[in-house]
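Structure first, commentary second.
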Amino acid sequence: MMRIGRAYFNMSEEYMKELGLHHGQPNIIMSLYKNDGQSLKELTKGRKVKASTTTVMISRMEKSGIVEKRVDPDDQRIIRVYLTDHGKAIYSRLKEINSEIEKRCLKGFSVEEIIVIKRLLHEMVKNMENSRE
């Protein structure tokens, strides 16, 4: 299991470097693509990290032109984060990369085997998420 995790991490890190992304940034991009305009608090809660980690990451992404911060028009105390056009383009590339990685991982398996693998991995993720509660 650890070898699979490490191999996947190394493979995805190659792609992230090509895009100029740091660890954790793809998750924020994907989250904002699904629900643009989240507050810093919402982004932190969804990732289960410290608020300071999210703040630093968003600042770095803002400097790279991936996101922009805006004050909430209804509550000036809340900062909302939005993907820029550049950030949306990166999201599209991330989807392509995920597909490429999945193809590389599942190369040589039959359709039936892939269905079983995906089902088993899904169950493993559920087990690991449930063990944290």
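The values are calculated or read from the model by the stated rules, or taken from the named source; none is laboratory data. For clarity, every value in this text was computed on a predicted model and none was experimentally measured. Note: ideal-geometry Cβ built from the backbone for every residue, glycine included; neighbour counts use all protein chains shown.
Points worth noting:
- Residue in the range 39-64 that is surrounded by the most Cβ atoms within 10 Å (Cβ to Cβ), counting only those that are within 19 Å of residue 84 (Cβ to Cβ) and in contact with a helix residue (DSSP H, G or I) (Cβ under 7 Å, 6 or more places away or on another chain): 61
- Within the set 12, 31, the sole residue that is surrounded by 13 or more Cβ atoms within 10 Å (Cβ to Cβ), in contact with a strand residue (DSSP E or B) (Cβ under 8 Å, 6 or more places away or on another chain) and not aliphatic (A, V, I, L, M) turns out to be 31.
- In the range 1-47, of all residues being over 13 Å from the mean Cα position of the chain (by Cα) and among the basic types (Lys, Arg), the one that is modelled with the lowest pLDDT corresponds to 45.
- Contacts under 9 angstrom Cβ, first residue in the range 1-19 being closer than 11 Å to residue 101 by Cβ, partner among the acidic types (Asp, Glu), 6 or more apart: 15/100
- The residues of the range 73-108 that are within 21 Å of residue 44 (Cβ to Cβ) and not in a helix (DSSP H, G or I), listed by number, are 74, 75, 76, 77, 78, 79, 80, 81, 82, 83, 84.
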